[in-house]
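The values are calculated or read from the model by the stated rules, or taken from the named source; none is laboratory data. Because the structure is a prediction, the values reported are computed rather than measured. Note: ideal-geometry Cβ built from the backbone for every residue, glycine included; neighbour counts use all protein chains shown. Side chains included, ligands, DNA and RNA excluded: accessible areas come from the protein's heavy atoms. Shrake-Rupley method; radii C 1.70, N 1.55, O 1.52, S 1.80 Å.
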Amino acid sequence: MTSLTPLAAQIATDLGTGLGTRLAAEQKSAEVTDWAARIGWLVGLALFIALVYWLMREGWKWRGTLQGDLPELPDAPGEPGAARLTMTGRYHGSTTAGQWLDRIVAHGLGTRSRAELTLTDAGLDVVRPGAADFFVPRGRLREARLDKGIAGKVLSEGGLLVVTWEHGDKLIDSGFRSDHAAEHNEWVDTLNHMIDQSNDTEGAR
């Protein structure tokens, strides 16, 4: 029995060494497998994001093609007259009037941006740093109201000034938010008063 002890000890040592080597190999293999899975997952996610971006871009271009019959936007007159109201804030987009998800993208109207609004007797001048400016002649203004959403952008109730105007044969809603939301009511009142005056003038002709 005594002579078997060293042999048993050697066998135990060999078994322990073999088991440790196997466990280390399995652990290393698992680490490699985990890295491969992670890399594959990240590559798949990147491809998915790229696909979504491409689809959005193509959808934007397709919508712009469908709206190709929308005339060019008018420029502001050289001498628009004294400003009745001014506003700085954000332009949140334009849609077909009454359809707050039917975004209009032609002529840069789909680009959200900072905006500087000036209302004169000639109309509404919208200056947008980094995006296309546009001007709405007084005779094309149709309505002003407070709302909470336009073109997929939702704000608090009454947090959006929406101006409805006519361009070509299309009625358009354009949404603005002032840096000072308390100004919205004055803009609604003044715009609608101007619109009523224009309608009365046209009716008297």
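Here R63 fits the description: at pLDDT below 65, open to solvent by less than 100 Å² (accessible area, probe 1.4 Å), under 27 Å from L155 (Cα atoms) and not hydrophobic (A, V, I, L, M, F, W, C). In segment 127-145, the residue that is most open to solvent (accessible area, probe 1.4 Å) out of those that are in contact with an Asp or Glu (Cβ under 6 Å, 6 or more places away or on another chain) and over 12 Å from L191 (Cα atoms) is V127. Each residue in segment 164-191 was checked for being at pLDDT 95 or above, loosely packed, with under 15 Cβ neighbours inside 10 Å and either among the aliphatic types (A, V, I, L, M) or touching an Asp or Glu at 6+ places or on another chain (Cβ under 8 Å) (or both), and 0 of them qualify. Checking segment 77-88 against the condition returns a match, with at least one residue being at pLDDT below 90, closer than 23 Å to G130 by Cα and either part of a loop (DSSP other than H, G, I, E, B) or open to solvent by 100 Å² or more (accessible area, probe 1.4 Å) (or both).
Checked against the criterion of being closer than 28 Å to Q197 by Cβ and either open to solvent by 10 Å² or more (accessible area, probe 1.4 Å) or in a loop (DSSP other than H, G, I, E, B) (or both), the candidates L124, L70 yield just one match: L70. Consider L161 carefully, then state whether it is at pLDDT 95 or above and open to solvent by 60 Å² or more (accessible area, probe 1.4 Å). It is false that L161 is at pLDDT 95 or above and open to solvent by 60 Å² or more (accessible area, probe 1.4 Å). Does any residue of segment 132-145 turn out to be on the phi > 0 side of the Ramachandran plot, within 19 Å of the chain's Cα centre (by Cα) and in a loop (DSSP other than H, G, I, E, B)? Among the residues of segment 132-145, not one is on the phi > 0 side of the Ramachandran plot, within 19 Å of the chain's Cα centre (by Cα) and in a loop (DSSP other than H, G, I, E, B), which makes the answer no.
Of all residues in segment 90-116, those being touching a Phe, Trp or Tyr at 6+ places or on another chain (Cβ under 8 Å), buried (at least 21 other Cβ atoms within 10 Å of the Cβ) and part of a strand (DSSP E or B) number 3. Exactly one of these conditions fails for L119: (1) assigned to a helix (DSSP H, G or I); (2) surrounded by 15 or more Cβ atoms within 10 Å (Cβ to Cβ). Give me its number. Here L119 meets the rest and fails (1).
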